[in-house]
Every structure is written in structure tokens, then in C-alpha cells.
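A.B. asks: Got a structure here, written out as C-alpha cells. Questions coming.
The values are calculated or read from the model by the stated rules, or taken from the named source; none is laboratory data. Predicted model only: the values in this text are computed from it and were never measured. A quick note on method: Cβ atoms are made from the backbone with ideal geometry, for glycine too, and the neighbour counts reach across all protein chains shown. Note: areas computed on protein heavy atoms with side chains; ligands, DNA, RNA excluded. Shrake-Rupley method; radii C 1.70, N 1.55, O 1.52, S 1.80 Å.
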Amino acid sequence: MNLAESPVRRFIHIVLISSIFLLNLQTVFPQTTRSKTSRGPSRNKTISNIVREIDAHHIEHTIRQLVSFGTRNTLSEQRDPRRGIGAARDWLYDEFLKAAAASNGRMTVEKQSFEQPKAARVPQPTMLTNIVATLKGTQPQSTDRIYVVSGHYDSMCNTPTDAKCDAPGANDDASGTAVVLEMARVMAKYEFDATLIFVAVAGEEQGLLGSTYFAEQAKQKNWNVDAMFTNDIVGNTLGGNGVRDRTTLRVFSEGVPSSETTAEANTRRSVGGENDSPSRQLARFIKETATSYVPQMNVTLIYRRDRYLRGGDHIPFLERGYPAVRFTEPNEEFRHQHQNVRIENGVQFGDLPEFVDFAYIANVARVNAASLAMLASAPARPRDVVILTTRLTNDTDLNWEANVEPDLSGYEVVWRDTTSPVWTNSKFVGNVTTFTMKGMSKDNYFFGVRAIDKDGNRSQVTYPHPSGRTAPAVTSPGTTSN
Ligand SMILES: [Zn+2]
């Protein structure tokens, strides 16, 4: 028998090759490196179950049903049970109620209706209705912390005020609405510390009217909306550029906060932070969570508020100081958005179901659901994180307010080079509210702090603000100064 061809030898060969391959993979894709004192990533079983239960067939059913109402233009018929936005509104309300049945009374569903006065795309006062499903958090210390996820169920063809034309809106935005409904269906039976709100808004195409009303109500009621996601145009995987991409999902986040004050702008000009808004921390959190729980998807961070010439339902939240991001497919096909359904020179125009990819939309829902479940299971992000500027030092002194959750384990300090787009390192520092990073100058790195509970669920990162004077006084060499 020739030893070179023996099964044993072949086996050893395969093992050797695979270990070299794995070693190389680790060098190419280093995950957030954690120093020895830090805790490794731990799996949250609930999140894995939710990701598994999300079903493309339900998403397809929702999209086809919404398309069947002919048009969902906000100005269309409200009382016809078969055609127009009223039919879509009532169908969605019933579907959210069905989802709530599995929640043991923790999920409530309401029609949030209001009269929209005349506006640029609203020729006469019109009733608008958002469908709002609230899954109450179960930890008393966290139940007031709210996460909102939305899609818009209204649609349009070429002209936003044309209420009669067919406007199937399969991608824009039955896709996002289906993501939200599917998450409500799957997540309603699970318990989370914090509260989740699933919303199908109207009036997006009329000027973000439904989301503006919701965000304004939240602000007036002083709600603690810790994060908001909008899913808009999340269903097409063949771009107008001919590129087929079924694995990339864009997350848009603003750098400089829409709600920034003059004092905050002065600090930013002095010590940086234009890449560290709360919305950008949220986007990084989503990418990290998706990498762990939805590895088949490539979450691409886009460092801008939205695409050129376009806006979305996250903007009214940003303007009111709430962190928010937008999810959108990687390559858009403009022949299938805001178009009258027609064939021109053999080319089909219109936002039809045949141009959306249900399996892809299910993966979008998984990225959303994993991120929301982690946000609502983890402690709150630490409040009032401060970089002390009371001494001249090559160390970095941090302190923050203590979290109130009973299941808190402690905190991690995270850091990165100032040119890195994402956090690269972290260190578990225990259940303390002050920590000094010895030998690491705050001038050379960006730092942040996040909270961890006893199950290993991590919060978003809080970016610190400097204590005391932010602009150093001009002094002669040799004198110390802040
Ligand atoms: Zn849209």
C-alpha cells in the first residue's frame, strides 16, 4: 500500500491545510480585539431563535397583500375595503393584532390618527393614521427606554398627489413595512428588558408626515427614545447599474448631529467627534451585532444622513435629538421607484412585487431584529461619560454615571485610532464609574464606554464629552494648564 495515498495521510494533510486557512482568516478578519481582562463575546439564545424564526414567506405574503390594494397613496380612498390606503391601514391593524395575541397582553396595538393640515403635497386637510404596536419591556428599571422601528405603508407613482394611479409600492415601502410586521410577529412572544415599538407610518411620500407626528408626540411626552430605525427600500437586489447583490445592507448614519448645540459644536471643533454622534454609535452597534448573529449579511456603514436628493422617516427623530439610522438596499433601481406602472420600449417600469427579493428582505429583518433584541436586552448606554481634563497627563481619565439595572455586570472601555471608522479594542473594567487608561493619551485615541449585563449583553457605546474647559488657555511654555 502506498503511504502517500493512505487515508490517514490524507486526513493529516486536510487538517493541516484547514488550520493554516483558519489562521489566515483570523489575520485577515480580526474581530474587535479584547484584551486579556475583557470578557469574550457570549451568545444570546433568544436572539438566535428570533433570527431563525423570521420567515421570508410571511414577508412575501405581506408585500403581495399590500400591493393588492392598488394604491396606498396617503390621499387615496380611506373607506373602500378593497382599494386605497384605508384598506391597507385596516389590514395592517388586524395583522399587528394577530401578532400581539402571542404576547400575553404585553403588546398593544393602536391606530395613531391625526388630521394633517394643508401642506406642499397635501392639497386639503387629510386624516393620516400610523399603526403602532408597543411591546412593553419587563424590567422596571428599563421599561421606559424605548426602541422604535418603522417602515412606511403609503406609496406613490410619478406624482405624489395622484391618488388614483396604481402605486404598488412593493419595494417602496411594502418591503420595510413587511420587515416591521414580521419582527412584531416573531418578537411578540419574547420578553425584553426595554420597550420595543413597531410602527407602520403613513404620509412619508407626502413629506415624512406620519413619522414627524410620531416623533413630535414622543418629544412632547418626554419619551426616552434611545434609538430609532427606519426601513425604506429594502427589497431590490438588482440595481439599475446591473449589479446583483443579495448580501449587502446599507445603514445610513449622520456624523454631526442634526440637533447639535453651539456649545457642542465648539467642543467638536476643538477635540473632534464628527464621527461619533449617537446615531453613528448606533450604526456601529448594528454592524457588530449583525456580524455575530446574521453573518450572511454584510452591513455597510454609510457615513451620511441619507442619499442625495432623498430623505426618510429617521430625519424627524434626528431633528428632535433621538439617535436614528436608515436601512436601504445596496444598489437602487430607479425605474422601479415612484413610477407609473407601464412598459416603455420593452422596459417594465413600476414598483412591482416581481422586482423584490423576499429572501433578502428576510435577512434585512434579521439584522433589524438581532440589533433591536440586543438593544432591548442590554443595559442602557452609560450616561454622562466624561473625559477628565483636570491634569496634563499621557493617561486618559474617564468617569460616568452608574447604571441602575439590577442585572448589570460592569463596563467596558472601548477605543480606536482617531482614523479608524469602527471601535477596534475593548477592556472590561468591572462595576466601577471611573477608570484610568494608563499610558494611553486621549490626544491619540478615541475612547468610549459601554455597559454589560450578567448575560454578556452589551449596550451601545457612549462617546465622552470633556470635563471643565474645552478650549485650553494659551500659556507660556513650562506652565501647566488644562
Ligand atoms: Zn420610501
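A.B. asks: Could you please let me know if PHE192 is away from the ligand (no atom under 15 Å from the Cβ), buried (at least 24 other Cβ atoms within 10 Å of the Cβ), in a loop (DSSP other than H, G, I, E, B) and of a type in the set (A, V, I, L, M, F, W, C)?
C.D. replies: Details: away from the ligand (no atom under 15 Å from the Cβ): yes; buried (at least 24 other Cβ atoms within 10 Å of the Cβ): yes; in a loop (DSSP other than H, G, I, E, B): yes; of a type in the set (A, V, I, L, M, F, W, C): yes.
When the stated conditions are applied, PHE192 passes them.
A.B. asks: Among the residues of region 148-166 satisfying the criterion of being surrounded by 24 or more Cβ atoms within 10 Å (Cβ to Cβ) and over 24 Å from GLU354 (Cβ atoms), which is nearest to the ligand (Cβ to nearest atom)?
C.D. replies: SER150
A.B. asks: Please tell me if ARG52 is open to solvent by 50 Å² or more (accessible area, probe 1.4 Å), part of a loop (DSSP other than H, G, I, E, B) and over 19 Å from PHE214 (Cβ atoms).
C.D. replies: It is false that ARG52 is open to solvent by 50 Å² or more (accessible area, probe 1.4 Å), part of a loop (DSSP other than H, G, I, E, B) and over 19 Å from PHE214 (Cβ atoms).
A.B. asks: Let me ask you something else. Residue by residue through region 167-189, note down the ones that are farther than 16 Å from PHE229 by Cα, touching a strand residue (DSSP E or B) at 6+ places or on another chain (Cβ under 9 Å), of a type in the set (A, V, I, L, M) and within 16 Å of the ligand (Cβ to nearest atom).
C.D. replies: Result: ALA167, single match.
A.B. asks: Name the single residue that is farthest from the ligand (Cβ to nearest atom) among those in region 204-236 being hydroxyl-bearing (Ser, Thr, Tyr) and touching a Ser or Thr at 6+ places or on another chain (Cβ under 9 Å).
C.D. replies: SER211
A.B. asks: Could you please tell me which pairs satisfy a Cβ distance under 9 Å, a separation of 6+ or placement on different chains, a first residue in region 421-446 that is over 18 Å from GLU274 (Cα atoms), and a second residue that is part of a loop (DSSP other than H, G, I, E, B) and acidic (Asp, Glu)?
C.D. replies: Close Cβ pairs satisfying both conditions: THR433/GLU401; THR436/ASP395; MET437/ASP395; LYS438/ASP395; GLY439/ASP395; MET440/ASP395; SER441/ASP395.
A.B. asks: Can you pull out the strands (runs of 3 or more DSSP E) entirely within region 197-302 that have at least 2 residues that are open to solvent by 20 Å² or more (accessible area, probe 1.4 Å) and of a type in the set (S, T, N, Q)?
C.D. replies: Where strands (runs of 3 or more DSSP E) fall fully within region 197-302 and carry at least 2 residues being open to solvent by 20 Å² or more (accessible area, probe 1.4 Å) and of a type in the set (S, T, N, Q), they are 298-302.
A.B. asks: Give THR143, THR129 a once-over and let me know the one that is more than 13 Å from the ligand (Cβ to nearest atom), β-branched (Val, Ile, Thr) and part of a strand (DSSP E or B).
C.D. replies: So the residue among THR143, THR129 that is more than 13 Å from the ligand (Cβ to nearest atom), β-branched (Val, Ile, Thr) and part of a strand (DSSP E or B) is THR129.
A.B. asks: Among PHE317, PHE327, which is the only one that is touching a residue at least 40 places away in the same chain (Cβ under 8 Å), touching a helix residue (DSSP H, G or I) at 6+ places or on another chain (Cβ under 7 Å) and in a strand (DSSP E or B)?
C.D. replies: That would be PHE327, the only listed residue that is touching a residue at least 40 places away in the same chain (Cβ under 8 Å), touching a helix residue (DSSP H, G or I) at 6+ places or on another chain (Cβ under 7 Å) and in a strand (DSSP E or B).
A.B. asks: State yes or no: is PRO160 in contact with a Leu (Cβ under 6 Å, 6 or more places away or on another chain) and farther than 19 Å from ASN368 by Cβ? Walk me through it before giving the result.
C.D. replies: Working: in contact with a Leu (Cβ under 6 Å, 6 or more places away or on another chain): no; farther than 19 Å from ASN368 by Cβ: yes.
The answer is no for PRO160.
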